[in-house]
1. Somewhere in region 93-104, is a residue over 30 Å from ARG6 (Cα atoms), of a type in the set (Asp, Glu) and either assigned to a helix (DSSP H, G or I) or touching a strand residue (DSSP E or B) at 6+ places or on another chain (Cβ under 8 Å) (or both)?
2. Could you identify the single residue in THR86, THR60 that is farther than 30 Å from GLY24 by Cβ, in a helix (DSSP H, G or I), out of contact with any helix residue (DSSP H, G or I) (no Cβ under 7 Å at 6 or more places or on another chain) and among the polar types (S, T, N, Q)?
3. Pick from region 148-188 the residues that are more than 24 Å from MET133 (Cα to Cα), hydroxyl-bearing (Ser, Thr, Tyr) and in a helix (DSSP H, G or I): which of them is modelled with the lowest pLDDT?
4. May I ask you to list pairs of residues, at least six apart or on different chains, whose Cβ atoms are under 7 Å apart, with the first in region 71-85 being at pLDDT 90 or above and the second being exposed (fewer than 10 other Cβ atoms within 10 Å of the Cβ) and part of a helix (DSSP H, G or I)?
5. Of the numbered conditions (1) under 30 Å from PRO4 (Cβ atoms); (2) at pLDDT 85 or above; (3) among the hydrophobic types (A, V, I, L, M, F, W, C), ALA65 satisfies every one except a single condition; which is it?
6. Would you call GLN8 touching a Lys or Arg at 6+ places or on another chain (Cβ under 9 Å), in a helix (DSSP H, G or I) and not β-branched (Val, Ile, Thr)?
7. Please state which of the following conditions LEU129 fails to meet, knowing it meets all the rest: (1) among the aliphatic types (A, V, I, L, M); (2) closer than 30 Å to GLY177 by Cα; (3) surrounded by fewer than 10 Cβ atoms within 10 Å (Cβ to Cβ).
8. Please list, ordered by first then second residue, the pairs with beta carbon atoms under 7 Å, 6 or more apart or interchain, first in region 1-16 and more than 13 Å from GLU39 (Cβ to Cβ), second among the aliphatic types (A, V, I, L, M) and loosely packed, with under 10 Cβ neighbours inside 10 Å.
Amino acid sequence: MIIPPRIQDELIELSHEKKIFLEGNILKVIEYDGRESFEKYIETCKEKDRDTRAKRLEVTKQVQAQNRELKDKAQELEQKAQENDTLMLDLKGALELAEGAKASAENNLDIMQKKSQFELIGNIVQVALWVIMGVGGIVTGMYVLAIMHGSDETTLIGSTWSNLFGILLTNSFSIIGTIMGVKYASGNSSQESKN
C-alpha cells in the first residue's frame, strides 16, 4: 500500500508536533515510494511500535503475575476458611463430648455419694441394732439371773427392764426416723440441683 505524498507529509508533521505515530499491523503493508524522510518516519514508527508492544507485553505479564498471585492468595484464604470450619466442627464435637463426660461424671459422683450414704446409714443402723440387742440381752440376762436366784429385787429389775426396753425401742425408732429424714432430704436436694 502506497501512501500519497501529501498524507506522508501530514503524518511526519503530526509526529513532530504531537508525537503521534502510526502503529500496529498497518506498518507491515505500507510500501516506500522512495522518499527518504517517509522511510525514516516508518522506521521510527516500527521502533516505537516494538517498544510499545514490549511495554504492553510487560504490563500484561505483570497483570497476569498479579492475577496468579491474587488467585493463589484467594485459594489460600479459602483453604484456611475450610480449615477454620473443620476446626470449629471439631471444637463443637469436643465440647459436646466434654459436656457428656461431665454429665456422666456428675451422675457417677451422685451415685457414689448415695452409695456411700446408704452404706453409712446401713452401718449406723447395724451398730444401733447391736447396741440395742446387747443392752437388751444384758438386762434380760440380769433379770433372768435375779429370777433364778430368787432375789427380792426382781420387781425393781423388772420395771427397769421394761423401762429400758421402752427407751431402747424409742431410741431405735428415733435413729431410724432421723436416718430416713436425712435420706429423704438429701434425695430432694440432689433432684433440685439437677433441675
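1. Step one: list which residues in region 93-104 are over 30 Å from ARG6 (Cα atoms), which gives 93-104.
Now restrict to residues that are of a type in the set (Asp, Glu): 96, 99.
Those still in the list that are either assigned to a helix (DSSP H, G or I) or touching a strand residue (DSSP E or B) at 6+ places or on another chain (Cβ under 8 Å) (or both) too: 96, 99.
Yes, that holds for at least one residue.
2. Details: THR60 fails: farther than 30 Å from GLY24 by Cβ.
The conditions single out THR86.
3. Looking at residues that are more than 24 Å from MET133 (Cα to Cα), hydroxyl-bearing (Ser, Thr, Tyr) and in a helix (DSSP H, G or I), I get SER186.
4. Close Cβ pairs (under 7 Å, with a partner that is exposed (fewer than 10 other Cβ atoms within 10 Å of the Cβ) and part of a helix (DSSP H, G or I)) do not exist here.
5. (1)
6. Working: touching a Lys or Arg at 6+ places or on another chain (Cβ under 9 Å): yes; in a helix (DSSP H, G or I): yes; not β-branched (Val, Ile, Thr): yes.
Answer is yes for this residue.
7. That leaves (3) as the condition not met.
8. Hits for this filter: MET1/VAL29.
The values are calculated or read from the model by the stated rules, or taken from the named source; none is laboratory data. This one's a predicted model, so the numbers in the text were calculated from it and none came from an experiment. Note that each Cβ is placed from the backbone with ideal geometry, even for glycine, and that neighbours are counted across all protein chains shown.
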